Amino acid sequence: MNETTLPQSLIEKLRFANRVVVLTGAGISAESRIPTFRDALTGLWAKYKPEELATPEAFISNPKLVWDWYQWRCSLVSHASPNPGHNALVQMEKHVPHFTLVTQNVDSLHARAGNNHVLELHGNISRTRCFQENTIVTSWKEDGQSPPRCPSCGGMLRPDVVWFGESLPQDVLEQAAKASAACDVFFSIGTSAVVFPAASLVYEAMRNRAVTVEINPTPTAQAGELSYALQGPAGEILPALIEETWG
Ligand code: OAD
C-alpha cells in the first residue's frame with residue numbers, strides 16, 4: 001500500500017469528519033512485536049486454546065499456568081514500544097473534533113503513544129485484581145506463590161482483563177456503542193472482528209450511515225460490508241492516511 005492508492009473519497013470524508021471512532025485489535029500492536037491471538041503459527045493461542053487460558057474456569061483449575069502466561073505477556077508488553085500506527089492515531093485525535101478510540105488491546109500502547117481518551121473494552125494487563133473480592137490490588141507480598149495472594153482477603157490475584165464468558169465493563173461498552181452510533185467515520189484496525197460485542201460496534205456506525213473502513217493485511221469476513229477495506233499493515237497505512245488527509 002502506498003499513498004497514491006488511498007481512496008481520495010475517504011481522505012475528503014475524513015478531513016471534514018466531525019465524529020470519528022477507531023476500534024483497534026491485536027494487529028495494531030503486531031508491529032510492536034506483540035503477537036496477535038489468531039495467527040496460525042505465531043498467535044498467542046497457537047499453543048493453547050483460549051478456553052485453556054482465558055476463562056475463569058481455566059484460572060480455577062490451573063491458576064499458576066494462567067498467572068504465569070499473563071506474566072509472560074506482561075513482560076512482552078513492558079518491553080514493547082508504540083509503533084507508527086499508534087503514533088498516527090495520536091495525530092488523528094488532534095485533528096478530529098470528536099475522536100473516540102476504542103481498543104480490545106490490554107497493552108496500554110495507545111496511552112503510551114499519547115492518546116488521551118482510550119476506551120479499554122477488555123481491561124488492562126498491567127492492572128491486577130482480587131479474584132474473590134473483585135477489587136483492584138496495587139501491592140502484595142512476593143512470597144513465591146503463583147498467583148500471589150490478596151493482602152486483604154488472602155484470595156488469588158488475577159490480571160484485570162476480560163476473560164471469555166465474562167462481561168465487559170458496562171460503562172465503557174456503553175460509551176463505545178454511543179460514540180459508534182453517532183460517528184461519521186468508523187475505522188476497524190487490526191482486528192479479526194470475531195469477538196463480540198467489540199465486532200458489533202461497526203454495525204452501530206452503519207446504522208448512522210457512517211463511512212466504515214477496515215485496515216488489515218488480511219481482509220476479514222466483515223470487509224465486504226464496509227465502505228473501504230484497506231489491505232496492508234496499520235503501521236504503513238495509517239501514517240500515509242494522516243499525511244494525505246492533513247499533510
Ligand atoms: P486477532 O489475533 O483475532 O486478530 C488480529 C488481526 O490483526 C488479524 O485480522 C490480522 O490479520 C491483523 N493484523 C496482523 N498484523 C497486522 C498489522 N500489521 N496491521 C493491521 N492488522 C494486522 O486479535 P483481535 O481481533 O484483537 O480477547 O482479538 C480480539 C480478542 O480476542 C482479543 O481482545 C482477545 C482475544 O481473545 C480476550 O482476551 C478477551
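Table for the structure above
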item: Estimated FRET transfer efficiency (S139, Q8; beta-carbon r; R0 51 Å; 0.05); result: 0.40
item: At q = 0.25, 0.26 Å⁻¹, base-10 log of I(q)/I(0) for region 105-196 (Debye sum, equal scatterers on each alpha carbon); result: -1.37, -1.42
item: For the chain, built as a Gaussian network whose Cα springs stay under 10 Å, the top-fluctuating residue of G190, G85, G165; result: G165
item: Quarter of the Cα convex hull surface for region 183-237, i.e. its orientation-mean projected area (nm²); result: 3.5
item: Carbon and sulfur %, accessible surface of the chain computed with the full protein complex present, 1.4 Å; result: 51
item: Nearest 10 degrees, 0 to 90: helix 234-246 Cα axis against the chain principal axis; result: 40
item: Principal axis dimensions, largest first and in whole angstrom, of region 61-157 by Cα; result: 48, 25, 23
item: Difference of contour (0.36 nm per residue) and Cα-Cα distance, F196 to H79; result: 39.2 nm
item: R0 of 25 Å, Cβ-Cβ distance I60-Q170: FRET efficiency to nearest 0.05; result: 0.55
item: Amide proton proximity set for T212, modelled H, under 5 Å, gap of 5+; result: F186, S227, Y228
item: Estimated FRET transfer efficiency when R0 is 22 angstrom, pair A46-R127 (beta carbons, to 0.05); result: 0.30
item: Range of Cα positions in the chain per principal axis (Å), largest first; result: 58, 35, 30
item: Viscosity 1.306 mPa s, temperature 10 °C, Stokes-Einstein D of region 1-82 from Kirkwood C-alpha radius, µm²/s; result: 100
item: Using θ = phi - 60° and Karplus 6.51 cos²θ - 1.76 cosθ + 1.60, couplings along region 98-104 (whole Hz; Gly, Pro as x); result: 10, 10, 10, 9, 10, 10, 8
item: Between helix 63-79 and the chain: long-axis angle, C-alpha atoms, 0 to 90°, nearest 10; result: 40
item: Column: log10 I(q)/I(0), Debye, Cα scatterers of region 144-247, q = 0.11, 0.17, 0.22, 0.25 Å⁻¹; result: -0.49, -0.86, -1.20, -1.35
item: Heavy-atom accessible area order for H95, H110, H122, largest first, 1.4 Å probe; result: H95, H122, H110
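The values are calculated or read from the model by the stated rules, or taken from the named source; none is laboratory data. Just so it is clear, the structure is predicted and the values come from calculations on it, not from any experiment. Positions of Cβ are generated from backbone atoms using ideal geometry, with glycine treated the same way; all protein chains shown enter the neighbour counts. Accessible surface areas use protein heavy atoms only, side chains included; no ligands, DNA or RNA. Shrake-Rupley method; radii C 1.70, N 1.55, O 1.52, S 1.80 Å.
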